[in-house]
Amino acid sequence: MQARLQRIFREHYTWLRDKMRRHTGNPHGAEDVAAEAFLQLAQHRALEEVREPRALLTTIAKRVLIETWRRRDLEQAYLETLAAAPQATYPSPEERALVMEALLAVDAALDSLPAKARHAFLRSQLDAMTYAEIAQELGVSASMVRQYMTRALSAILAATA
C-alpha cells in the first residue's frame, strides 16, 4: 500500500497542487490543500483498488478546500464580532483559540445533522422562534421539533465534550 501511495504522490502531487493553486489563488494555500488531500488519501482503506487517483484526489481536495473556507469564514465572523466589542473585553489569544476550536466543533456537529434538525436548531437559537413556530415553518409537529432539538443538542454536546 505504501508503494502505491508513493507512486500516486510522485505522479499526481504537482498536478493537484497546481489545480488547487487556481482555486486558492495562493501557492501556500495550494500546498496545504494538496498535502492534506494526500494525508487523507493515505488513510483510504482500499487504496490499491483506486483506478482513477486524480478523480479521488480532486474530490478529497475539494472537501478540504470547502472546509478551509468554512473555517476561514467562521473565524472572520468571530473576529468581526470581537472588533465590535469593547477593547477591555477582548479574550486572550489562548481564549480566542479555545473559542475558535469550540465554534468549529459546533459547526461540524451542526453540519452532520439532517437539514430539518439543523434548521430547527438554528431557528430556535438564532431567531428565538418557538417550537410551534418552527413546526409550522417545517411542516412537522412540535414534538418532532423537540426531537430535532434533542438530536442537535446531543451532537453539539458530544462534539464539545
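The values are calculated or read from the model by the stated rules, or taken from the named source; none is laboratory data. What you see is a predicted model, and the numbers here were worked out from it, not measured in a lab. Methodologically, a virtual Cβ is constructed for each residue, glycine included, from the backbone with ideal geometry; neighbour enumeration extends over all protein chains shown. The protein model used for the area step is the full one, side chains on, heavy atoms only, and it has no ligands, DNA or RNA in it. Shrake-Rupley method; radii C 1.70, N 1.55, O 1.52, S 1.80 Å.
Relative to the first principal axis of the alpha-carbon coordinates of the chain, what is the inclination of helix 93-111, with its axis defined by its Cα atoms, in degrees from 0 to 90 and to the nearest 10?
Between helix and principal axis, roughly 90 degrees.
For the chain, build the charge dipole from Cβ charges (+1 Lys, Arg; -1 Asp, Glu) around the Cα centre, then report which of 6, 158, 43 sits farthest towards its positive end.
Ranked along the dipole, the leading option is 6.
Choose one of 102, 112, 79: the residue whose Cα lies farthest towards the positive end of the charge dipole of the chain (beta-carbon charges +1 Lys, Arg; -1 Asp, Glu; about the Cα centre).
Result: 112.
What accessible surface, in Å², does a 1.4 Å probe find on residue 101, ignoring ligands, DNA and RNA and rounding to the nearest 10?
Surface accessible to solvent at residue 101 totals approximately 120 Å².
Round to the nearest 10 and report in Å² the accessible area of residue 72, as given by a 1.4 Å probe over the protein chains' heavy atoms.
Approximately 130 Å² of residue 72 is accessible to the 1.4 Å probe.
Just to make sure I understand: if all protein chains stay in place, what is the order of 12, 28, 23 by accessible area at 1.4 Å, largest first?
28, 23, 12
Averaging the inverse of every distinct alpha carbon separation and then flipping it gives the Kirkwood radius. What is it for segment 36-77, in angstrom units?
For segment 36-77, inverting the mean 1/r across all distinct Cα pairs yields 11.3 Å.
Hey, what's the Cα Rg ratio for the chain versus the globular rule of thumb, 2.2 N^0.38 Å?
The chain yields a ratio of 1.35.
Assign unit charges at the C-beta atoms only (+1 for Lys and Arg, -1 for Asp and Glu), then state the dipole size of the chain relative to its Cα centre in Debye, rounded to the nearest 20.
The dipole magnitude comes to about 660 debye.
Averaged per residue, what accessible surface does the chain expose to a 1.4 Å probe, in Å²?
65
In terms of solvent-accessible area of protein heavy atoms at a 1.4 angstrom probe, what is the ranking of 118, 146, 51, highest value first?
51, 146, 118
What percentage of all Cα-Cα pairs in segment 51-96 are separated by more than 17 Å?
54
Where nothing but the Cβ of Lys and Arg (+1) and of Asp and Glu (-1) is charged, how large is the charge dipole of segment 1-88 around its Cα centre, in debye to the nearest 20?
So the magnitude is around 340 debye.
How much accessible surface area, in Å² rounded to 10, belongs to the heavy atoms of residue 62 with a 1.4 Å probe?
The accessible area comes out at roughly 100 Å².
Could you calculate the FRET efficiency of residue 147 with residue 13 from 1/(1 + (r/R0)^6), where r is the beta carbon distance between them and R0 is 30 Å, rounded to 0.05?
0.05
How much of the accessible area of segment 1-136, probe 1.4 Å, is carbon plus sulfur, in whole percent?
53
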